[in-house]
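The values are calculated or read from the model by the stated rules, or taken from the named source; none is laboratory data. Quantities reported herein were computed from a predicted structural model and do not represent experimental measurements. Quick reminder, even Gly has a Cβ in these numbers, built from the backbone with ideal geometry, and neighbours come from all protein chains shown. Surface accessibility is based on the protein's heavy atoms, side chains included, excluding ligands, DNA and RNA. Shrake-Rupley method; radii C 1.70, N 1.55, O 1.52, S 1.80 Å.
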Amino acid sequence: MQTIKFSLFLPTGDFAEARAAGEWADTHGFDAVSTNDHFFSPFGSSETPQLECFTTLTAIAAVTRRVRLMPTVAAMSFRHPPMLAKTASTLDQVSNGRLVLGLGAGWQRSEYDAHGYPYPSNLERLDQLREGIQLIKAMWTAEEPTYRGRYFSIEKAYNHPRPVQKPHPPIMVGGSGSKLLPITAAEADIANLIPPIINGKDLLKDPQAAVKFDKRDLKLRIDKLHNLIREAGREVGSVAIGGFVLVSLSRDKAAAEAALKATSSSMGYPSEEAARNSPTLLIGTPEEVKRELRSRLEELGITYYVVFPASQESRELLASEVMPAFSS
């Protein structure tokens with residue numbers, strides 16, 4: 001059985017909780033810990049507490065030894081790319097080579113407007129994402145980093161110390177839109193394929209998008225990504241297929257079925273079976289979820305999950321009864 005890796009999504013509004021979860025993940029088989037990159041939390045109102053991404057992950061790095069540190073995902077718009085390259089290099093140094101740099105184009109318009117950030121068109125933000133990744137790679141690897149793009153340029157932007165990882169830390173690109181996939185194909189090491197953000201809301205606030213994002217849709221997007229990877233002159237296997245999933249686990253069959261029924265109803269799935277098969281959900285007993293993970297591995301080639309447990313029980317069962325079946 002091929003290995004599947006898991007990253008635990010940390011609490012985003014309270015550092016004591018984030019630290020405790022990070023330390024727990026470090027000793028319970030997780031490949032990484034993740035946090036999001038927002039001024040305003042997508043889990044509540046604009047006044048809901050939200051920790052800054054890189055500060056949090058740097059602090060988590062100092063109290064862990066094994067887990068990777070993974071922004072899921074950092075908005076290219078929020079930091080000038082040379083500053084982001086330096087910040088990421090330092091985090092890789094602090095963690096002794098444990099950074100996975102997750103990047104995206106940004107999507108939550110309200111936080112841009114509130115903090116005085118320009119909010120260009122989708123196409124422009126995607127172009128900036130592509131240029132930003134290329135500039136960051138130059139600063140991570142080149143002796144005299146120089147890059148000239150339409151939006152960003154550097155000239156002999158020396159970056160010492162460089163990242164510990166060689167040739168550079170892995171890059172994860174978040175999203176599955178048709179205009180984003182060519183960037184993922186050319187630049188990423190991990191594709192975090194989440195439902196396309198169309199209405200300025202992520203899957204937690206736009207359940208209709210999650211419902212439409214079924215296995216058939218995901219398979220079409222993965223096939224397109226694979227074709228784009230070949231066109232970019234890369235091996236298909238050089239980009240791991242991943243996703244973000246909400247996890248609800250219980251040993252009690254009745255409790256698991258009740259959770260599935262409630263989730264299906266609240267998110268508007270046409271049936272409980274549709275919810276069970278949704279790429280954004282993993283709901284059931286440990287044995288049922290293991291079967292579903294094997295199915296997704298065989299059908300879709302998914303080998304990386306950022307997981308958002310619904311409860312303490314879900315988190316513990318995932319680590320103790322599900323993940324060991326997919327470890328190397």
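Among the protein heavy atoms, those of His28 account for about 80 Å² of accessible surface (1.4 Å probe, every chain in place). Among Pro71, Pro270, Pro196, the residue with the largest mean-square fluctuation in a Gaussian network model of the chain, with springs joining Cα atoms closer than 10 Å, is Pro270.
The aspartates and glutamates within cross-link reach of Lys137, meaning a Cα-to-Cα straight distance under 18 Å and a gap of 8 or more places when in the same chain, are Asp92, Asp127, Glu155, Glu187, Asp189. Cβ-Cβ distance of His115 and Ala16, R₀ of 22 Å, FRET efficiency by 1/(1 + (r/R0)^6): the value works out to about 0.30.
Computed from Cα atoms, the angle from the helix 81-94 axis to the main principal axis of the chain rounds to 70 degrees. Against the chain, whose longest principal axis comes from its Cα atoms, helix 215-231 is set at around 30 degrees. The accessible-area ordering, largest first, of the residues Phe78, Phe308 stands as Phe308, Phe78, per a 1.4 angstrom probe.
The label-point distance for Arg66 and Glu273, in a model that sets each label 7 Å from Cα toward Cβ, rounds to 4.0 nm.
By accessible area, using a 1.4 Å probe on protein heavy atoms only, the chain has 51% of its surface on carbon and sulfur.
R0 = 30 Å: FRET efficiency of His28 with Val164, Cβ-based, nearest 0.05? Once the sixth-power term is evaluated, E becomes 0.80. Sequence-distant contacts, meaning Cα pairs under 8 Å at least 6 residues apart, place the relative contact order of the chain at 17 percent. Rolling a 1.4 Å probe over the protein chains gives Ser95 an accessible area of about 0 Å². Mean residue ellipticity, 222 nm, helices only, the chain: the sum of -39500 (n - 2.57) across DSSP H runs of n ≥ 4, divided by residue count and rounded to 500, is -12500 deg cm²/dmol.
Can you tell me the 0 to 90 degree angle between the C-alpha axis of helix 253-267 and the longest principal axis of the chain, rounded to 10? Rounded to the nearest ten degrees, it is 60. Given +1 at the Cβ of Lys and Arg, -1 at the Cβ of Asp and Glu and no other charges, the dipole of the chain around its Cα centre is 640 debye to the nearest 20.
Overall, segment 13-104 carries a charge dipole of about 360 debye about its Cα centre when +1 sits on the Cβ of Lys and Arg and -1 on the Cβ of Asp and Glu, all other atoms neutral. When the surface is traced with a 1.4 Å probe over the full set of protein chains, Lys166 keeps roughly 140 Å² accessible. For Arg68, Arg251, the ranking by accessible surface with the largest value first comes to Arg251, Arg68, using a 1.4 Å probe. Heavy atoms of the protein chains alone define the surface here; on that basis the chain has 43 Å² accessible area per residue at 1.4 Å probe size. When the GluC sites (Glu not before Pro) in segment 204-301 are filtered for DSSP coil states and for at most 16 other beta-carbon atoms within 10 Å of their beta-carbon, the remaining sites are Glu235.
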